[in-house]
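The structure under discussion appears below in the form of structure tokens.
The values are calculated or read from the model by the stated rules, or taken from the named source; none is laboratory data. None of these values were measured; they are calculated from a predicted model. Using ideal geometry, Cβ is built from the backbone for each residue, glycine included, and neighbour counts are taken over all protein chains shown. Accessible surface areas use protein heavy atoms only, side chains included; no ligands, DNA or RNA. Shrake-Rupley method; radii C 1.70, N 1.55, O 1.52, S 1.80 Å.
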Protein chains: 2
Amino acid sequence: MKIGVLGTGMVGETIATKLVALGHQVTMGARSRDNEKAAAWVKQTGGGAAQGTFADAATAGELLWNCTAGVASLDALAAAGADALRGKLLIDVANPLDFSKGMPPSLSVGNTDSLAEQIQRAHPECTVVKAFNTVNCHVMVDPGRVKGEHDLLICGNDAEAKGRVREIATGWFGWKSVLDLGDLTAARGIEGYVPLWVRMYGFFGSPDFGVKFVR
Amino acid sequence: MKIGVLGTGMVGETIATKLVALGHQVTMGARSRDNEKAAAWVKQTGGGAAQGTFADAATAGELLWNCTAGVASLDALAAAGADALRGKLLIDVANPLDFSKGMPPSLSVGNTDSLAEQIQRAHPECTVVKAFNTVNCHVMVDPGRVKGEHDLLICGNDAEAKGRVREIATGWFGWKSVLDLGDLTAARGIEGYVPLWVRMYGFFGSPDFGVKFVR
């Protein structure tokens, strides 16, 4: 499948690399067409990997991943443009973390709104599903790094789109438990969990952990 | 032990009832000395149960529990007064949930601050430990209602006080896993989890669940 990955950071690189390894044609999008990090990724990855602007990646992809920093996501998607996004599934893995005031980061949006909702409002031409943002990027694409059972939390307004994300999570990445928490307003809770994730990272001293909801 | 429980709602009643069952002398505090819900609780509970104002309960207790609604906690503790709180451990189980704008509730404080920190700043004369707020009140005092292993999250600025809360959780209530997430700023994450708890409640259709962090 042709896939666009927006973002050249650790999250974008990890997901894009996994998708190429699965045999997909991946275009990594950045602000500029000659972004150095994207160029280095294309060079080391080889066949199946391409780079371009956010608009290039969104145009090329039948499936899109928002892996930009949360505080930059709306700008990145505006740069991608409505024509490139139209009719596509956008998997939003970004977290609206503001590191500008020091550690730990705070949320740049939350409580009565969420980044996923902001993106969906700004881009009604695409279908947003929030997913994967509650674990480190290495766990996103390899949930077996965590030894015990753990849950993937997803939400979105479109049932078919969530079904596709469930298939991607289980079939492509190996997730065993995917919990659909409902419409996109659930992203307030799913993104709002991330400050606790940051604390747990400090507690464990490792980002290789997940969360299991237990009855 | 003499214990003061501030709050007459479901959380206060559940905790106060458990504490009496464990043999403690519990005073339930309310805004007024003749609060009807507290009176009904005393009548049905019998020996070991008493009622009074917030100040009465805080004065009577060697150990205090904040079980008031989060949006009313600062007023309740102001009414209790510094003299009654001085030198005591206050276990803060409240969540700053604002139901005034409909469901789901939003947080009245969060992200860069927390209710627990607000309480500690307003009352440096007592020692605040955040605990138990990540589960339903019936699970708080009976964690075995959840069949699988699950974690209790606590935080606070005083190691000895957190040690006492750990003993209360494990020895009195039967918790098997207590995770100390550090100083009281961790309450931003612990309280910030509650909107996700609300979503999970909707997902499960039951409040009898817990959360396990998995390596």
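Within the range B:32-50, residues that are within 15 Å of B:M10 (Cβ to Cβ) and open to solvent by 40 Å² or more (accessible area, probe 1.4 Å) sit with their Cβ atoms under 6 Å from residues that are in a loop (DSSP other than H, G, I, E, B) and not charged (D, E, K, R), at 6+ positions apart or across chains, in these pairs: B:K37/B:T8.
Among the residues of the range B:139-163, which ones are away from chain A (no Cβ under 14 Å) and closer than 18 Å to B:I15 by Cβ? Answer for the range B:139-163, where residues must be away from chain A (no Cβ under 14 Å) and closer than 18 Å to B:I15 by Cβ: B:M140, B:V141, B:D142, B:A161. Scanning the range B:146-160 for residues that are open to solvent by less than 10 Å² (accessible area, probe 1.4 Å) and either closer than 24 Å to B:E125 by Cα or of a type in the set (G, A, S) (or both) yields B:L153, B:I154, B:C155, B:G156.
Among the residues of the range A:1-26, those that are more than 13 Å from A:G47 (Cβ to Cβ), in a strand (DSSP E or B) and not hydrophobic (A, V, I, L, M, F, W, C) comprise A:K2, A:G4. Set side by side, the residues B:L74, B:L97 differ, and just one is hydrophobic (A, V, I, L, M, F, W, C), open to solvent by 10 Å² or more (accessible area, probe 1.4 Å), out of contact with any Lys or Arg (no Cβ under 9 Å at 6 or more places or on another chain) and within 12 Å of another protein chain (Cβ to nearest Cβ), which is B:L97.
Among the residues of the range A:180-206, those identified as of a type in the set (G, A, S), more than 21 Å from A:I168 (Cβ to Cβ) and within 17 Å of the chain's Cα centre (by Cα) are A:G189, A:G192. Residues that are surrounded by fewer than 24 Cβ atoms within 10 Å (Cβ to Cβ), assigned to a loop (DSSP other than H, G, I, E, B) and not acidic (D, E) within the range A:51-69 comprise just one, A:A69.
Can you find, within the range B:77-94, the residue that is nearest to the other protein chains (Cβ to nearest Cβ) among those that are in a helix (DSSP H, G or I) and open to solvent by less than 30 Å² (accessible area, probe 1.4 Å)? Filtering first and then ranking leaves B:L77. The set of residues in the range A:163-172 that are open to solvent by 20 Å² or more (accessible area, probe 1.4 Å), touching a residue at least 12 places away in the same chain (Cβ under 8 Å) and under 17 Å from A:T134 (Cβ atoms) contains only A:R166.
Among the residues of the range B:102-136, those that are in a loop (DSSP other than H, G, I, E, B) and small (G, A, S) comprise B:G102, B:S108, B:G110, B:S114, B:A131. Taken over the range A:173-215, the criterion of being open to solvent by 30 Å² or more (accessible area, probe 1.4 Å), more than 7 Å from chain B (Cβ to nearest Cβ) and under 17 Å from A:K130 (Cα atoms) is satisfied by A:D180, A:D183, A:T185, A:W197. Is one or more of the residues making up the range A:110-125 surrounded by 23 or more Cβ atoms within 10 Å (Cβ to Cβ), out of contact with any Leu (no Cβ under 7 Å at 6 or more places or on another chain) and within 13 Å of chain B (Cβ to nearest Cβ)? Checked the range A:110-125: at least one residue is surrounded by 23 or more Cβ atoms within 10 Å (Cβ to Cβ), out of contact with any Leu (no Cβ under 7 Å at 6 or more places or on another chain) and within 13 Å of chain B (Cβ to nearest Cβ).
Determine if the range A:157-174 includes at least one residue that is closer than 25 Å to B:V194 by Cβ and aromatic (F, W, Y).
For the range A:157-174, residues closer than 25 Å to B:V194 by Cβ and aromatic (F, W, Y): absent.
Considering (1) among the acidic types (D, E); (2) assigned to a helix (DSSP H, G or I); (3) over 21 Å from B:M1 (Cα atoms), the lone condition that B:E160 does not fulfil carries the number (3). Taken as a whole, the range A:104-120 holds at least one residue that is touching a helix residue (DSSP H, G or I) at 6+ places or on another chain (Cβ under 7 Å) and modelled with pLDDT under 95.
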